[in-house]
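All remarks here apply to the structure that follows.
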Amino acid sequence: MKLRKFLLDLFFPKKCLGCGKSDTYLCANCFRKICLECQPEVYLGWIISATNYADPLIRKLIKSFKYQYVQELAEPLSQLPIKLLEQNFKFLISNSRFLIIPVPLHERKLRYRGFNQAELLAKEIANHFNLPMETNILKRIVPTDPQANIKNTEKRKNNIKNVFSVIPGTVEGKSILLVDDVCTTGATLIEAAKVLKSNNAKEIWAITVAKG
């Protein structure tokens, strides 16, 4: 891990991916330029997305986070959904005592990547709001093709169908906040919510960094 960090610092020196300012991947000025949106969805109270993946800066940040393994980006990226929750949903989040659950990776992909980007984001959100987080309740039991590589909406739904399982008796009566990095059609989040609902979760919301 130290070697990987050394190589990343060498070839990807820390600077704002928006304006080039040194010593940060996302400076305060660029942070303020990012927009917010949210929408209701089937099986979920809301799918809340803090910004739009079409934004070139957001796309660059998320790709660096996921595919160039810059785990340090979890902190600035998580500030986007945190800011949205603080401004619009803080009372509900705090008083409902949501259980934070990151959307899991299949163990094969987790071994390859070395980390789950959704889990890193979820940890930041859970710590900020002092909420509990569980990473072993929701499991991805079937490996799938990356959703980003599938353009057809129906094929996306079929690709993610029946890939999640929940440990019985762990979510009954609980309010759950699912966390992921990007929501495109919402198929992954909806499929996860369906499984949680079938295990008697009380209510389920989802929050992502970006909608795209």
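Values quoted throughout were computed directly from the atomic coordinates according to the rules given, and no laboratory measurement underlies them. Since we're looking at a predicted model, the values are computed, not measured. Positions of Cβ are backbone-derived with ideal geometry, glycine not excepted, and every protein chain shown enters the neighbour counts.
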* Asked: Efficiency by 1/(1 + (r/R0)^6): what FRET value for H106 and E75, r their Cβ-Cβ distance, R0 = 25 Å, to the nearest 0.05?
  -> 0.45
* Structure fact -> Among S198, G173, N88, the residue whose Cα sits farthest towards the positive end of the charge dipole of region 35-211, when +1 is placed on the Cβ of each Lys and Arg and -1 on the Cβ of each Asp and Glu, is S198
* Structure fact -> Of the listed links K15/K157; K66/K155; K14/K90, those spanning more than 29 angstrom between alpha carbons are K15/K157; K14/K90
* Cα-only Debye scattering, region 35-211: base-10 log of I(q)/I(0) at q = 0.18 Å⁻¹ -> -1.24
* To do: Please give the FRET efficiency for D23 paired with K63, using the beta carbon to beta carbon distance and R0 = 25 Å, rounded to the nearest 0.05.
  => 0.75
* **Stretchable slack from A54 to E172, in nm (0.36 nm times residue separation minus alpha-carbon distance)** => 38.8 nm
* Sort out for me the Cα centre separation of region 81-129 from region 173-212, rounded to whole Å. => 11
* Structure fact -> K83 and T185 label points (each 7 Å along its Cα→Cβ direction) are spaced in nm at 3.1
* Protection proxy ranking, peptides 75-86, 100-111, 176-187, average beta carbon neighbours within 10 Å, highest first -> 176-187, 75-86, 100-111
